[in-house]
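See structure below.
Only the coordinates and a few stated rules stand behind these numbers; no lab work does. What you see is a predicted model, and the numbers here were worked out from it, not measured in a lab. For neighbour counting, all protein chains shown are included, and Cβ atoms are generated from backbone atoms with ideal geometry for every residue, glycine included.
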Amino acid sequence: MNVTKAIETRRAVKHYDPNHRMTEAEIEKLMSLALLAPTAFNIQNWRFVVVRDPAVRKQIRAVAWDQAQVTDASLLIVLCADLKAWEKNPARYWADAPQPVKDYLVPAIDKYYRGREQVQRDEGMRSCGIAAQTLMLAAQEMGYESCPMDGFDYDAVGKIINLPVDYAVAMFVVVGKPTQVAWPRPGQLPMREVVLTDRF
């Protein structure tokens, strides 16, 4: 499947076969592709909590409006933002870069993020959103369906997954084999309404 086809066919699917299991090789492939999602300054500030324990998934479902896909999909991935990734040994993000690039960018990371908590959070959310789309398109290419999710109690999920204090939960992505086809697209705004030239 090419990228255009994956984009055109990807839908938010809600109903999954609870008995289907992805292979370890498939999970490894999917997550390795997610790691290629871009981040500002290459700080790789996303963290992927792949929830595999059925009991933990039941706990999460209970604080996620009882949405069945939380337990029924083959994978439940909680995307979290490491809000302080920028200051955790930032030289490692540019370890393989030429020295002049390293000398310029590593100090720039600190200058950009230090003291700017809202920027740290915004960047984390952006990074997780890009990674989520990467996961969903990769899943589509692999023959799976997916669903991005934000209908849950963020604080409760954080407690369940033992979220560190300097992290934030961004969203879920579930991946699996559907038991129902997605609804037809409910309505797409025309391009002339959403694509603007130069300014509003």
- Hey, could you grab the Kirkwood Rh for segment 3-194? Inverse mean 1/r over distinct alpha carbon pairs, Å, one decimal. 18.0
- Using alpha-carbon coordinates, inclination of helix 117-141 to the longest axis of the chain, degrees: 40
- Size of electric dipole in segment 3-194: Cβ of Lys, Arg +1 and of Asp, Glu -1, about Cα centre, debye, nearest 20: 120
- Task: Using Cα positions and a limit of under 20 Å, work out the lysines in reach of Lys111, with same-chain residues fewer than 8 apart set aside.
- Result: Lys84, Lys88, Lys102
- Item | Whole-Å distance, taken between Cα centres, linking segment 64-125 and segment 141-162 | 18
- Item | Theoretical gain in end-to-end length, Leu196 to Asp110 [0.36 nm per residue, Cα-Cα removed] | 27.5 nm
- Give the cross-link partners of Lys159 among the lysines, using a straight C-alpha distance below 17 Å as the criterion and excluding same-chain residues fewer than 8 apart. Lys58
